[in-house]
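Take a look at the structure below.
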Amino acid sequence: WSSDVCSSDLMCWRIKLEPYVQFITGAPVEKVSSSFSMLSAGADFVFPNIGYLDNSGTGRNMGVELTVEKFFSRGYYGLLTVSLYDSKYKGSDKIWRNTTFNNQYAVNFLAGKEFKVGKEKQHALTADVKFTTSGGRWYTPIDVEASKLYGTEILKEDEAYSLQYPYYLRLDAKFGFRLNSKKKKISNSFYLDLQNLTFQKNIFERRYNIRTGAVNDVYQIGFFPDLMYRIQF
């Protein structure tokens, strides 16, 4: 269900509510009984070293998504999306499990404002903010004792995706100054992008350290300032 609400040519909002259910068949899984499925592959950007697959796996996704959007007009815009969902899969062991991507909720908020400056109001100061939060990814616990014994990371495959990382949260802000030529043929823009303003320590994954025998957290990007320049013709 969706609705566009426009009070005038200068202002327009869109509201959309979308429930969904998806059933997946033919997912690649191992021929022998295991918890592996390609439906949970790729979260760590590493292709799994698994052979002898067949297409007997299944999965399901269901949820609802709300979108509230304010199109750019009167110098500002906004976008809010809220998703509630559940994502499960079944490997060749015939057990339903969380996919690694079953964060269960995700919230995104974007907003920006433009201020016209200059004698002829042809230049602009801009400010944008982005906020994202979601439940953590699911992961398979590490068998520390077995990892120590074999000198490499060993996972508890019978407990696949039974644990969940802490929630993800990130707040970014971007400030800019745009110079437009009087003939409107060239635009020069300068930006200061401040990423992860709250210094949130978002976990990317947990890894076994073969030198120390401990399990360490690997984090995503911390606070990161970035300067950008763009020219448009």
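The values are calculated or read from the model by the stated rules, or taken from the named source; none is laboratory data. Just so it is clear, the structure is predicted and the values come from calculations on it, not from any experiment. Here the Cβ is made from the backbone with ideal geometry for all residues, glycine too, and neighbour counts use every protein chain on show. Keep in mind that these areas ignore ligands, DNA and RNA; they rest on the heavy atoms of the full protein, side chains included. Shrake-Rupley method; radii C 1.70, N 1.55, O 1.52, S 1.80 Å.
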Practice task
Quick one: which residues, 5 or more positions from GLY136 or on another chain, have an amide H under 5 Å from its amide H? H modelled 1.01 Å from N in the peptide plane, none for Pro or chain starts.
Solution key: TYR167, TYR168
Completion exercise
Taking Cα atoms only, Rg over Rh for region 127-233 with Rh from the Kirkwood formula is 1.25
Handout entry: Mean Cβ count within 10 Å, highest first, over the residues of peptides 147-154, 66-73
Key = 66-73, 147-154
Practice task
Give me the distance in nm between label points sitting 7 Å out from Cα along the Cα-to-Cβ direction at TYR52 and THR212, one decimal.
Solution key: 3.8
Practice task
With a Förster radius of 25 Å, plug the Cβ-Cβ distance of GLN232 and GLN195 into 1/(1 + (r/R0)^6) and report the FRET value to the nearest 0.05.
Solution key: 0.60
Practice task
For ALA41 paired with SER181, estimate the spin-label separation in nm (one decimal), with each label point 7 Å from Cα along the Cα-to-Cβ line.
Solution key: 5.1
Handout entry: Set of lysines near LYS156 by C-alpha distance (under 23 Å), chain-local residues within fewer than 8 positions excluded
Key = LYS31, LYS88, LYS90, LYS94, LYS148
Handout entry: Approximate spin-label separation TRP96-LEU155, in nm, with each point projected 7 Å along Cα-to-Cβ
Key = 2.2
Practice task
Please give the per residue accessible area of the chain, computed with a probe of 1.4 Å over protein heavy atoms only, in Å².
Solution key: 63
Handout entry: Counting all C-alpha pairs of region 178-232, share separated by more than 16 Å (%)
Key = 65
Practice task
Can you tell me the alpha carbon radius of gyration of the chain divided by the globular rule-of-thumb value 2.2 N^0.38 Å?
Solution key: 1.35
Problem - Rg ratio (alpha-carbon, reference 2.2 N^0.38 Å) - region 91-176 - result: 1.91
Exercise for the section: Set the Förster radius R0 to 45 Å, insert the Cβ-Cβ distance between LYS31 and ASN188 as r into 1/(1 + (r/R0)^6), and round the FRET efficiency to 0.05. Expected result: 0.15
Practice task
Please give the contour-minus-distance gain from ILE15 to VAL107: 0.36 nm per residue of separation, less the Cα-Cα distance, rounded to one decimal in nm.
Solution key: 31.6 nm
